[in-house]
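For reference, the structure is listed below as structure tokens.
The values are calculated or read from the model by the stated rules, or taken from the named source; none is laboratory data. Predicted, not measured: the structure shown is a model, and the values here were computed from it. As a convention, Cβ positions derive from the backbone with ideal geometry for all residues, glycine included, and neighbour counts pool all protein chains shown.
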Amino acid sequence: MNVSIFLSGAMGDLPYEEQIKWRNRVELAITNSEYELKNKPVFFSPPNYFSSSFPEDYKTEKEVMNFDLRHLKDADIIVVNLDNVANSIGTIFELATAYELRKPIIALNKNGEIFHPWIEECCDRQCKTLRELVDYICKYYLM
């Protein structure tokens with residue numbers, strides 16, 4: 001069975017390389033983990049489709065928002081990077097939508113800081129390291 005993983009995190013005002021760097025690390029770490037996965041992870045990474053670094057790819061922000069939210073609604077798990085979340089209304093909007101849909105939200109929160117308590121309340125689990133995040137997702141959602 002496929003398990004869809006939506007990779008949520010700040011994009012605006014970040015260069016494309018920064019937008020995809022952590023997402024690629026998550027994908028590689030889960031895909032190449034030592035776990036024998038019964039369920040196959042399938043990743044959705046928003047900057048692979050629309051990015052503020054390439055505004056010529058879309059005509060309106062509404063187009064981008066609806067595209068992202070449709071994929072988020074289809075996802076089984078939401079992985080969110082909380083770095084720069086205070087500057088990312090899109091990530092906060094994705095978190096609120098995922099929370100409302102009762103999607104599991106697994107956060108990567110390296111520094112442990114939360115700029116608002118509601119962000120913390122939206123997350124089922126917060127992980128301080130990529131290793132912790134990978135272990136948790138593999139053990140509880142992919143095996």
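Go through the residues of the range 32-40 one by one and say whether even a single one is touching a Phe, Trp or Tyr at 6+ places or on another chain (Cβ under 6 Å) and not β-branched (Val, Ile, Thr). No, the range 32-40 contains no residue that is touching a Phe, Trp or Tyr at 6+ places or on another chain (Cβ under 6 Å) and not β-branched (Val, Ile, Thr). Scanning the range 15-46 for residues that are out of contact with any Ser or Thr (no Cβ under 8 Å at 6 or more places or on another chain), assigned to a loop (DSSP other than H, G, I, E, B) and farther than 14 Å from Ile78 by Cβ yields a total of 8.
With respect to the conditions (1) surrounded by 13 or more Cβ atoms within 10 Å (Cβ to Cβ); (2) free of Cβ contacts under 8 Å to residues at least 24 places away in the same chain; (3) not in a helix (DSSP H, G or I), Arg102 falls short on a single one, namely (1). Looking only at residues of the range 47-76 that are touching a strand residue (DSSP E or B) at 6+ places or on another chain (Cβ under 9 Å) and part of a loop (DSSP other than H, G, I, E, B), we find that the one that is farthest from Pro104 (Cα to Cα) is Ala75.
Screening Ala96 with (1) crowded, with 16+ Cβ neighbours inside 10 Å; (2) hydrophobic (A, V, I, L, M, F, W, C); (3) assigned to a helix (DSSP H, G or I) gives one miss only, at (1). Scan the range 62-81 for residues that are among the polar types (S, T, N, Q) and in contact (Cβ under 8 Å) with a residue 12 or more places away in the chain and jot them down. Hit for the range 62-81 is Asn81, nothing else.
Every residue, every condition in (1) over 19 Å from His116 (Cβ atoms); (2) charged (D, E, K, R), yes or no:
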| site | (1), (2) |
| --- | --- |
| Met65 | yes, no |
| Arg70 | yes, yes |
| Asp76 | yes, yes |
| Ser88 | no, no |
| Phe93 | no, no |
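Would you check if Lys128 is basic (Lys, Arg), modelled with pLDDT under 95, within 14 Å of Val26 (Cα to Cα) and surrounded by 13 or more Cβ atoms within 10 Å (Cβ to Cβ)? Criteria not met by Lys128. Among residues of the range 40-93 being surrounded by fewer than 18 Cβ atoms within 10 Å (Cβ to Cβ) and of a type in the set (A, V, I, L, M, F, W, C), the one that is farthest from Val134 (Cα to Cα) is Phe54.
Selection of the range 10-67 for residues being at pLDDT 95 or above and either among the aliphatic types (A, V, I, L, M) or in contact with an Asp or Glu (Cβ under 7 Å, 6 or more places away or on another chain) (or both) yields Ile20, Val26, Leu28, Ala29, Ile30, Val42, Phe43, Pro46.
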